[in-house]
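Participant: Quick one: structure below, then a few questions.
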Amino acid sequence: MRAVALLVLGLAVAMPLPGIAQMRPAAPAPAPSPFHLRIDAAALAGLPRVTLSATDEGGHTATYGGVSLHDVIVRAGAPSGAAVRGKAMSAAILIGATDGYHAIFALPEIDPSFTDHVVLIADTRDGAPLGADGPYKLVVPFDKRQARWVKNVTDVSLVMVPLP
């Protein structure tokens, strides 16, 4: 008798109720498409300007102007906001420089739905061109060490980290 009652209860729970929409799990988010973007005036044109203060390893505080790395990658096709889930969580943003130096960020590190921090592709320091550090410099004011402050930025890529 108890088995019959459990069977009836199980069927009742499993049967859809008339007039009530059935919830379905969301489709998995597709993996972002990798891209490679050369950083130049055309790549940054039309994006909102951002100004922020940051202190370098020497203790000097400066005001940097440029564009948000997030804005650059979204325009190039990177997912943002609610779309940063599933396979997009293993996407990385790779920054390259003229001297072969590279820095990497996990996509959520620069997405405003995950953080309030801004990573800047700067083209000015205290209102003047960057000089030896430019024409473009990556400024990461929230990093304790400036290993990801990349001078002479040349390119930005979205790459997928292979999963085991």
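Participant: Would you pick out the residues in the range 151-164 that are under 18 Å from Ala41 (Cβ atoms), touching a Leu at 6+ places or on another chain (Cβ under 7 Å) and either among the β-branched types (Val, Ile, Thr) or part of a loop (DSSP other than H, G, I, E, B) (or both)?
Facilitator: Our first condition is that a residue be under 18 Å from Ala41 (Cβ atoms); within the range 151-164, this holds for 151-156.
So of that shortlist, the ones also touching a Leu at 6+ places or on another chain (Cβ under 7 Å) come out as 153, 155-156.
Selection gives Val153, Val156.
Participant: Which one is farthest from the chain's Cα centre (by Cα), of the residues in the range 85-108 that are crowded, with 18+ Cβ neighbours inside 10 Å and either hydroxyl-bearing (Ser, Thr, Tyr) or closer than 21 Å to Leu44 by Cα (or both)? Reasoning before the result, please.
Facilitator: Pass one, the range 85-108, residues crowded, with 18+ Cβ neighbours inside 10 Å: 88, 91, 93, 95-97, 103, 105, 107.
Still in the running and either hydroxyl-bearing (Ser, Thr, Tyr) or closer than 21 Å to Leu44 by Cα (or both): 93, 95-97, 103, 105, 107.
Working: Ile93: 7, Ile95: 12, Gly96: 16, Ala97: 19, Ala103: 13, Phe105: 7, Leu107: 3 Å.
So, considering only residues that are crowded, with 18+ Cβ neighbours inside 10 Å and either hydroxyl-bearing (Ser, Thr, Tyr) or closer than 21 Å to Leu44 by Cα (or both), the one farthest from the chain's Cα centre (by Cα) is Ala97.
Participant: Could you say whether any residue in the range 144-161 is of a type in the set (D, E, K, R), touching an Asp or Glu at 6+ places or on another chain (Cβ under 7 Å) and surrounded by 14 or more Cβ atoms within 10 Å (Cβ to Cβ)? Spell out how you get there, then give the answer.
Facilitator: Residues of the range 144-161 of a type in the set (D, E, K, R): 144-145, 148, 151, 155.
Right, trim to touching an Asp or Glu at 6+ places or on another chain (Cβ under 7 Å) and you get 151.
Next cut, surrounded by 14 or more Cβ atoms within 10 Å (Cβ to Cβ) only: 151.
Looking through the range 144-161, at least one residue is of a type in the set (D, E, K, R), touching an Asp or Glu at 6+ places or on another chain (Cβ under 7 Å) and surrounded by 14 or more Cβ atoms within 10 Å (Cβ to Cβ).
Participant: I would also like to ask the following. Looking only at the range 56-70, count how many residues are at pLDDT 95 or above and surrounded by fewer than 19 Cβ atoms within 10 Å (Cβ to Cβ). Working first, answer last.
Facilitator: Step one: list which residues in the range 56-70 are at pLDDT 95 or above, which gives 61-70.
Filter again for surrounded by fewer than 19 Cβ atoms within 10 Å (Cβ to Cβ), leaving 61-63, 65.
Selection size over the range 56-70: 4.
Participant: Which ones in the range 36-55 are within 18 Å of the chain's Cα centre (by Cα) and surrounded by fewer than 15 Cβ atoms within 10 Å (Cβ to Cβ)? Break it down stepwise before answering.
Facilitator: We begin by selecting, within the range 36-55, every residue within 18 Å of the chain's Cα centre (by Cα); these are 36-39, 43-44, 47-50.
Listed by number, the residues that qualify are His36, Arg38, Pro48, Arg49.
Participant: In addition: Could we say that Lys137 is at pLDDT below 95 and either more than 24 Å from Asp40 (Cβ to Cβ) or buried (at least 21 other Cβ atoms within 10 Å of the Cβ) (or both) here?
Facilitator: Numbers: at pLDDT below 95: no; either more than 24 Å from Asp40 (Cβ to Cβ) or buried (at least 21 other Cβ atoms within 10 Å of the Cβ) (or both): yes.
Spelling it out, it is not the case that Lys137 is at pLDDT below 95 and either more than 24 Å from Asp40 (Cβ to Cβ) or buried (at least 21 other Cβ atoms within 10 Å of the Cβ) (or both).
Participant: Moving to a separate point now. Scanning the range 109-134 for residues that are surrounded by fewer than 20 Cβ atoms within 10 Å (Cβ to Cβ) and touching a helix residue (DSSP H, G or I) at 6+ places or on another chain (Cβ under 6 Å), which turns out nearest to Gly81 (Cα to Cα)?
Facilitator: Top of the filtered list is Ser113.
Participant: When you go through (1) touching a strand residue (DSSP E or B) at 6+ places or on another chain (Cβ under 7 Å); (2) closer than 30 Å to Leu163 by Cβ; (3) surrounded by 13 or more Cβ atoms within 10 Å (Cβ to Cβ) one by one for Gly77, which number turns out not to apply?
Facilitator: Failed condition: (3).
Participant: Oh, and also: Output the number of the condition that Pro108 fails; it satisfies all remaining conditions of (1) out of contact with any Lys or Arg (no Cβ under 9 Å at 6 or more places or on another chain); (2) under 16 Å from Asp56 (Cβ atoms); (3) outside any strand (DSSP E or B).
Facilitator: The one condition Pro108 does not meet is (2).
The values are calculated or read from the model by the stated rules, or taken from the named source; none is laboratory data. Only a predicted model underlies this, so the values are computations on that prediction, with no experimental measurement involved. Please note: Cβ atoms are built from the backbone with ideal geometry, for glycine as well, and neighbour counts cover all protein chains shown.
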